[in-house]
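A short worksheet on the structure shown next.
The values are calculated or read from the model by the stated rules, or taken from the named source; none is laboratory data. Just so we're clear, the structure is a prediction, and the values are computed from it rather than from any experiment. Note: ideal-geometry Cβ built from the backbone for every residue, glycine included; neighbour counts use all protein chains shown.
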Ligand SMILES: Cc1cc2nc3c(=O)[nH]c(=O)nc-3n(C[C@H](O)[C@H](O)[C@H](O)COP(=O)(O)O)c2cc1C
């Protein structure tokens, strides 16, 4: 778990890939094996994937694209974010660069009756291409996303490095009495088309929940998680509550 936690500080979104480096068959095999082990956020949502060469998609970067397909059940976007962020962190540990690529399109809109959700661009990288000083990456101040921190400064600090669509960081956290309430704000300024915001920001929230849980576990804080019914209350959509034990 320590190794995975440390990848929070190493990972970054790869925008430039060194095309002279190639993934080996063994690395591709490990990717497939890792995907089988990803922990879902929600049980019983069917998720499938396909690794294709980049030129089979509109993606202009990476050697391969991992196309993710899912059943469209309640919380399926949170589930995709939560699951595949585990892969992002794992791939950083193997010096494989990744970029969540919401803009990417594929002609294969369906796979085994499941709908295409999002792709990740992948490619082998040099260790030196990963993030060197995470403190330098652009993120909101904790006070903008957390209300009350109550001794969870480290958790608030670490989780702010979660990747998100256009770096929107749509998570909002209310921390009170050993309880964390996680929301998605709908008050987002971004270049994303407005009608796409709930879709991509829900994936972002799934990614954030994974970062949050990893940071809590690393700091020996046990929790119970409850996913909530999404309802819009004054720009804040409830996502989950964590009871800290
Ligand atoms: C769901 C999702 C979709 C994304 N889509 C794109 C994309 O289409 N193009 C792109 O260049 N980056 C994309 N990103 C990467 C974000 O811009 C990036 O995570 C954010 O700017 C923070 O930077 P970092 O990941 O290097 O920490 C996406 C990230 C997420 C989580």
query: Of everything in region 62-95 that's closer than 21 Å to residue 16 by Cβ and out of contact with any strand residue (DSSP E or B) (no Cβ under 6 Å at 6 or more places or on another chain), which residue is surrounded by the most Cβ atoms within 10 Å (Cβ to Cβ)?
result: 92
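Considering only region 81-88, I want to know if a residue exists there that is modelled with pLDDT of 95 or more, farther than 30 Å from residue 229 by Cβ and within 16 Å of the ligand (Cβ to nearest atom). Let's see the steps before the verdict.
First pass over region 81-88, keeping only residues modelled with pLDDT of 95 or more: 81-88.
Now drop any that are not farther than 30 Å from residue 229 by Cβ, which leaves none.
Within region 81-88, not a single residue is modelled with pLDDT of 95 or more, farther than 30 Å from residue 229 by Cβ and within 16 Å of the ligand (Cβ to nearest atom).
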- request: Residues being more than 15 Å from residue 168 (Cα to Cα) and touching a helix residue (DSSP H, G or I) at 6+ places or on another chain (Cβ under 8 Å): count how many of those fall in region 190-216.
  value: 7
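Restricting attention to region 11-37, which residues are part of a loop (DSSP other than H, G, I, E, B) and within 16 Å of the ligand (Cβ to nearest atom)? Explain how you work it out, then say what you get.
Going residue by residue through region 11-37, those that are part of a loop (DSSP other than H, G, I, E, B) are 11-12, 14-24.
Listed by number, the residues that qualify are 11, 12, 14, 15, 16, 17.
Among 160, 112, which is free of Cβ contacts under 8 Å to residues at least 40 places away in the same chain and closer than 23 Å to residue 39 by Cβ? If you could, list the steps in order and put the result at the bottom.
Numbers: 112 fails: free of Cβ contacts under 8 Å to residues at least 40 places away in the same chain.
Only one candidate passes the filter, namely 160.
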message: If I ask for residues that are out of contact with any helix residue (DSSP H, G or I) (no Cβ under 7 Å at 6 or more places or on another chain) and within 22 Å of residue 144 (Cα to Cα), which ones from region 224-242 would you list?
response: 230, 231, 232, 233, 234, 235, 236, 237, 238, 241, 242
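Restricting to region 96-128, give me the number of residues that are within 12 Å of the ligand (Cβ to nearest atom) and either part of a helix (DSSP H, G or I) or over 22 Å from residue 19 (Cα atoms) (or both).
Of the residues in region 96-128, the ones within 12 Å of the ligand (Cβ to nearest atom) are 97-105, 117-121.
If we keep only those that are either part of a helix (DSSP H, G or I) or over 22 Å from residue 19 (Cα atoms) (or both) too, we end up with 117-118.
Number of matching residues: 2.
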- line: All conditions in (1) in a loop (DSSP other than H, G, I, E, B); (2) within 13 Å of the ligand (Cβ to nearest atom) are true of residue 72 except (2)
- request: Inspect all residues belonging to region 49-62 and state whether any of them is more than 16 Å from the ligand (Cβ to nearest atom) and assigned to a loop (DSSP other than H, G, I, E, B).
  value: no
